[in-house]
Amino acid sequence: MNTLRPISQPAAAGKPAVMGLEPVAPPQCFGGTVNIDLPKCLPVNFIFNAAAVGRVVSLRTKPPKVQVKSFSFAGSTAEAAVCPPAERSEPAAEKADTPASYTRLTPSRDVIKLGDRLEYVLQPPLELLLADSNLFFPCRPYAYQYAGVAFLFPRQAAILADEMGLGKTMQTLTAIRLLIRQQKIREALIVCPKPLVSNWLREAARWAPEITVMAVEGETAKRRWGWSLPDVPLRITNYESLLRDEQCLAARSFDLVVLDEAQRIKNPLSATNAAVCALRRRRSWALTGTPVENSPQDLVGIFGFLVPDLLSPEMTPTAMRAAIADYVLRRTKEQVLDDLPPKLIHDVWLELTPEQEESYRLAEEQGVLRLKSLGRQATIRHVFELILRLKQICNFDPLSGESAKLERLEADLEEIVASGRKAVVFSQWVGTLRHLRKRLAPFAPLEYHGRIPVREREAVLARFRDEPNYRVLLISYGAGGVGLNLQFAEYVFLFDRWWNPAVEAQAINRAHRIGAQGAVNVVRFITLNTIEERIDRILEEKQTLFETIFAGEGWAQGVGLDAAELFGLFQLALPEAA
Amino acid sequence: MRGCESKSNTAIGFLTVVEHTEYGLFGGYLILNLAGRPVEFHCTTPLKPNRAQKILYGPTLNDFLYGELIGRTLIEHGRICPFVVCTDLEPILAAQPYVSTPLVLVLDDAMQHSTNPTQAAPAGVVNDEEFTETKVYRLDAAHRSGPQLVGFQFGRNRLAAPVAAEAERRALLERFSDWAETFDLVEPFQRIRAAIEEARQAAQ
């Protein structure tokens with residue numbers, strides 16, 4: 001257009017006018033006319049001639065047709081009942097602040113219809129939604145916790161598989177709270193291990209104070225009464241009660257059922273799995289920090305509850321990973337907590353003392369001979385007995401009491417205690433812990449394990465936390481592996497190793513969690529040329545397995561501590577009978 | 001001109017256009033209630049001007065496509081007439097002569113510094129010098145100037161509206177002054193863009 005100039009003036013304004021334009025410096029003899037609609041100055045058509053061929057070409061600028069798709073949302077009306085700001089209670093979430101980035105609700109893959117998907121996409125971001133709903137929060141959630149809530153909120157089926165300590169409980173309660181407030185659900189049920197019921201009640205009072213919560217447990221009559229009450233927004237029960245009340249629950253239905261520590265249903269043939277799968281429900285969520293403990297088959301059991309028939313044992317791991325991608329949210333502390341101190345893992349390889357080594361060789365030779373003599377009668381139980389025996393010798397020589405691990409632990413503790421820091425020492429045996437208590441007496445160690453009465457345990461933890469004279473806590477995997485907050489300890493010793501990395505991770509995360517002030521040093525003792533070294537190799541493979549499914553890395557075939565591998569620890573073939 | 005079914009004093013419209021390099025222009029129109037929840041959403045199928053249109057419409061093309069075609073059509077499709085329609089693109093204001101709902105431009109920091117003609121905000125009265133520098137014979141000069149805009153503060157947001165819409169501007173400030181501090185008028189455009197992307201993927 002810039003090379004054209006007007007050759008006539010427009011007609012009166014308000015009427016379509018014809019104006020002519022001609023090239024300023026025509027390289028060839030072209031003439032053109034643009035018809036323009038005034039006063040908008042929009043072209044109506046353009047006529048020009050190509051002089052070379054003496055032909056007139058007309059272009060009519062017909063406006064393109066715009067097609068519109070429309071959606072309306074039944075849940076919202078233009079006249080929304082919103083309290084004016086002056087009348088609102090002041091939630092802890094800072095609603096006036098604009099965050100650097102908002103957390104948006106995104107529909108899951110199983111929401112198919114565009115209208116349904118848009119209903120989620122067009123919702124306000126979670127930060128505004130929560131601020132506008134007058135929800136009280138004891139503290140401002142982390143960005144990744146908003147993301148977790150946004151993940152759960154739209155999903156009919158989901159696994160929140162965050163690493164321990166990232167606040168799965170808080171995220172779940174907030175999502176439930178929001179669903180209840182938006183009237184998308186009316187009755188939710190949380191099923192958790194028995195010791196965690198009180199924890200859920202406590203957390204619900206903290207994170208969802210306005211929601212009525214009821215624990216359904218205890219005697220039969222009390223449970224029946226609990227199930228029969230109408231309009232209880234949130235019930236919490238334990239797996240054992242659920243099993244007992246299976247018939248009672250057959251007639252009930254829930255809008256949402258949440259399974260905490262969902263690895264409890266990893267066996268698809270278990271009664272617990274059958275009981276939870278029989279619950280009538282619209283939404284199914286599972287919470288677990290360890291969705292795969294031993295093999296990918298663990299997921300088959302959990303997904304039997306979430307999305308029946310999505311997974312089958314025959315599926316390849318790659319297919320399994322693709323199938324579950326939209327249902328699983330897994331974050332580690334390293335991924336989401338920039339300010340969480342690092343976790344430094346040191347594997348300390350130790351040679352057995354001569355006394356230990358002699359006892360170990362003798363025990364192993366006798367054990368293997370016995371297994372061989374049993375022939376086809378040898379079972380996994382026999383192998384386990386031998387493994388446990390050997391591991392105990394790796395801890396302490398039964399005859400002399402010598403221990404390479406203890407020598408190293410004493411040296412480390414001297415330095416730790418002298419520097420005013422605190423350490424926890426994990427073992428799978430109470431006997432080992434008792435032995436350690438005697439030998440570590442100069443450090444005044446505290447004990448927390450199955451033989452410490454439950455009523456005394458809180459006091460033990462309080463002393464360890466608050467009193468500077470107590471700097472060492474001896475703790476068993478069984479009693480202290482879950483639910484404890486030991487973030488004030490900067491050193492974690494795994495005196496002996498557990499069977500799978502998930503349990504060890506639970507133990508380590510007692511100290512390495514939100515609130516930890518400095519780097520958490522994890523020391524894993526492994527004795528050379530022993531069963532511990534062989535088991536360590538398998539544990540490493542298990543870790544690879546876990547990372548493969550949840551971090552998208554390559555797949556390691558055939559890992560796991562199955563029967564054949566247990567026998568393989570002693571270079572023995574798996575007997576047919578086993 | 002089509003009209004809305006009902007006028008609402010508690011609804012606000014948000015209208016924007018997303019340019020997709022492959023498919024063209026997608027328009028999106030979202031009506032929210034005062035709680036920020038979606039009430040209606042309308043989007044267009046992609047619109048791509050051909051070469052002849054680009055040449056013949058010249059600098060008026062964006063106003064025509066964004067405002068007259070997309071903006072006007074979308075606003076007319078709304079069942080509810082919101083109190084005001086916000087846009088983050090200046091050319092959409094060209095829809096104003098065709099619709100009864102007042103349009104305002106939401107300014108953000110990026111717009112103040114943008115060189116993209118569809119994003120650069122006039123932020124106040126148009127500078128006359130801008131036009132003295134252009135060719136004298138440009139017939140579209142008068143149109144290009146568009147309505148003169150006045151920038152004003154609306155709570156935490158900075159808006160611009162045509163000078164001629166003084167009454168509407170006052171009404172907006174009076175009606176929503178209580179809410180202005182809590183509204184983030186930029187955020188809903190992110191929702192529209194996400195929804196358009198969702199609709200585009202669904203169409204594929």
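Since every read-out is calculated from the coordinates, none of them should be taken as a lab result. From a predicted model like this one, the values you see are computed outputs, not experimental measurements. Cβ sites come from the backbone with ideal geometry, for glycine too, and all protein chains shown count toward neighbours.
Remarks
- Distance violations [Cα-Cα > 29 Å] among A:K194/A:K333; A:K391/A:K422; A:K168/A:K391; A:K343/A:K391: A:K168/A:K391
- Shape metrics for region A:150-290, restricted to C-alpha atoms - Rg then Dmax, Å: 13.8, 39
- Interchain or long-range residues, amide H under 5 Å from A:N521's placed H: A:L344, A:Y491, A:V492
- The GluC sites (Glu not before Pro) of region A:277-352 meeting both criteria, a DSSP state outside H, G, I, E and B (loop) and at most 13 other C-beta atoms within 10 angstrom of the site's C-beta, are A:E314, A:E351.
- Applying D = kT/(6 pi eta Rh) to region A:171-249, where Rh is the Kirkwood radius over alpha-carbon pairs, T corresponds to 25 °C and eta to 0.890 mPa s, the Stokes-Einstein value obtained is 191 µm²/s.
- By the Stokes-Einstein formula, at 0.890 mPa s and 25 °C, region B:40-95 with its Kirkwood radius over alpha-carbon pairs has D equal to 202 µm²/s.
- Per-bin percent of Cα-Cα distances, region A:292-420 [5 Å]: 2, 8, 11, 10, 8, 10, 12, 13, 12, 10, 4, 0
- Filter on A:K69/B:K7; B:K7/B:K48; A:K184/A:K222; A:K372/A:K438; A:K184/B:K7; A:K113/A:K184 - keep pairs with C-alpha separation over 27 Å: B:K7/B:K48; A:K184/A:K222; A:K372/A:K438; A:K184/B:K7
- Note that region A:345-421, at 20 °C in a medium of 1.002 mPa s, gets a Stokes-Einstein diffusion coefficient of 150 µm²/s from its Kirkwood radius over C-alpha pairs.
- Gap separating the Cα centres of region A:391-407 and region A:108-147, nearest whole Å: 55
- Applying the Kirkwood pairwise sum to the alpha-carbon positions of region A:437-504 produces a hydrodynamic radius of 12.9 angstrom.
- Here region A:346-456 is treated with +1 on each Lys and Arg Cβ and -1 on each Asp and Glu Cβ, and its dipole about the Cα centre works out to around 720 debye.
- Across region A:244-289, Cα-Cα distances exceeding 11 Å account for 68% of all pairs.
- Note on region A:334-379: Cα-Cα pairs beyond 13 Å make up 73% of the total pair count.
- Value of Rg to Rh for region B:1-58 (Rh from inverse mean 1/r over Cα pairs, i.e. Kirkwood): 1.12
- Summed side-chain charge close to A:M170 - residues other than A:M170 whose Cβ falls under 11 Å, Lys, Arg +1, Asp, Glu -1: +1
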